[in-house]
Amino acid sequence: MADARWSCLRDDIAALEIPSDFYKTKRPQVVPLTPAMNAIVDALPRFTREDFLFTTSGGLKPVSGFSKAKQRIDKLSGVKDWTIHDIRRTVATEMARLGIAQEHIERVLGHVIPGVAGTYNRYSYLDEKRAALEKWGALWPS
């Protein structure tokens, strides 16, 4: 998401379409945007120099410095024994606890679906992914 671009936003389906070149699986990924996510995007400043959604350099480069941010979170929270990847693990675990189908969780996380389902099923699951993200987002008051 750090490399997300304004040009990847799809207003017609309220989603961020990540091209295969930018995604670790080398497959395109469509991330539906919930109303809360859209509010964040709408509040972002827009720069003319580059296309990055998230930037601290006036649009010249994508946001970076995650290790520094993690150190600050560690200090503020008093919790140090975690990794950034633990956030994905927690989201998957909590979505399962909320009753979200495992196949929808896998798609929210952008995992490659193996077997027949991955080969022949070309349905986007956009509505199911959006519902899962909205259910997850409802846990956190705004």
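Of the listed requirements (1) modelled with pLDDT of 95 or more; (2) exposed (fewer than 12 other Cβ atoms within 10 Å of the Cβ), residue 129 misses just one: (2). Scanning the range 44-55 turns up no residue that is in the same structural domain as residue 12 (by TED's automatic domain parsing), in a helix (DSSP H, G or I) and either under 22 Å from residue 5 (Cα atoms) or touching a Phe, Trp or Tyr at 6+ places or on another chain (Cβ under 8 Å) (or both). The C-beta contact set for the range 97-120 (first residue not assigned by TED's automatic domain parsing to the domain that holds residue 29, second residue of a type in the set (Ser, Thr, Tyr), distance under 6 angstrom, 6+ apart or interchain) comprises 107/125; 112/25. Within the range 20-43, being part of a helix (DSSP H, G or I) and of a type in the set (Lys, Arg) holds for no residue.
Grab the helices (runs of 4 or more DSSP H) fully contained in the range 65-142, keeping just those with 1 or more residues being touching a strand residue (DSSP E or B) at 6+ places or on another chain (Cβ under 8 Å) and over 20 Å from residue 26 (Cβ atoms). Walk me through it before giving the result.
On the way: elements: 66-77, 85-97, 102-108, 115-120, 126-137.
Ranges flagged: 126-137.
For the range 56-76, a tally of residues being over 21 Å from the mean Cα position of the chain (by Cα) and within 14 Å of residue 5 (Cα to Cα) returns 2. Please indicate, with yes or no, whether at least one residue in the range 92-113 is modelled with pLDDT under 90 and loosely packed, with under 13 Cβ neighbours inside 10 Å. Yes, there is a match, as at least one residue in the range 92-113 is modelled with pLDDT under 90 and loosely packed, with under 13 Cβ neighbours inside 10 Å.
Pairing residues of the range 12-39 that are in contact (Cβ under 8 Å) with a residue 60 or more places away in the chain and closer than 16 Å to residue 126 by Cα with residues that are charged (D, E, K, R) and surrounded by 13 or more Cβ atoms within 10 Å (Cβ to Cβ), at Cβ distances under 6 Å and at least 6 apart in sequence or on separate chains, gives 30/17; 32/129; 32/130; 34/134.
The values are calculated or read from the model by the stated rules, or taken from the named source; none is laboratory data. Treat the numbers as computed from the prediction; the structure is a model and nothing was measured. Positions of Cβ are generated from backbone atoms using ideal geometry, with glycine treated the same way; all protein chains shown enter the neighbour counts.
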